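Structure first, then comments.
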């Protein structure tokens, strides 16, 4: 009879511990980042990403090859004003970003591009350097970047 009550107490103790340990472990995993999170592609257009030191920014410029072309079939890529092919953009970005104290990629795109094509360039940048902030250069943000660097 004494053994039977000990078995019941052991079962009750085990159930209570499982009800406490499993949620605590799940919360611990979620807080410390062990639980998979959806991250997506983070892209900004705000000046918080601008760095105030005098480093040369990494700007990827994408333009239509032919004036008046609206299908985006022929795109010209430039990395910090140097012509570059789309295939070598990732490795060139990796090289360029490895020299930066605070890596940030600025993307300037022509009006002929679709949103998917611009996101493709953002994806290449994020694939070159994991977690790099990507800022889309609009005319206003380009002026802010020039002012932050002490330009015209």
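The values are calculated or read from the model by the stated rules, or taken from the named source; none is laboratory data. Since the structure is predicted, the reported quantities are computational estimates derived from the model, not experimental observations. Neighbour counts are summed over all protein chains in view; Cβ atoms, including those assigned to glycine, are modelled from backbone coordinates with ideal geometry.
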| Pick from 83, 57, 36: which is closer than 30 Å to residue 120 by Cα, surrounded by fewer than 10 Cβ atoms within 10 Å (Cβ to Cβ) and at pLDDT 75 or above? | 83
| query | Looking at residue 128, is it farther than 21 Å from residue 148 by Cβ, within 17 Å of the chain's Cα centre (by Cα), free of Cβ contacts under 8 Å to residues at least 60 places away in the same chain and surrounded by 18 or more Cβ atoms within 10 Å (Cβ to Cβ)? | reply | yes
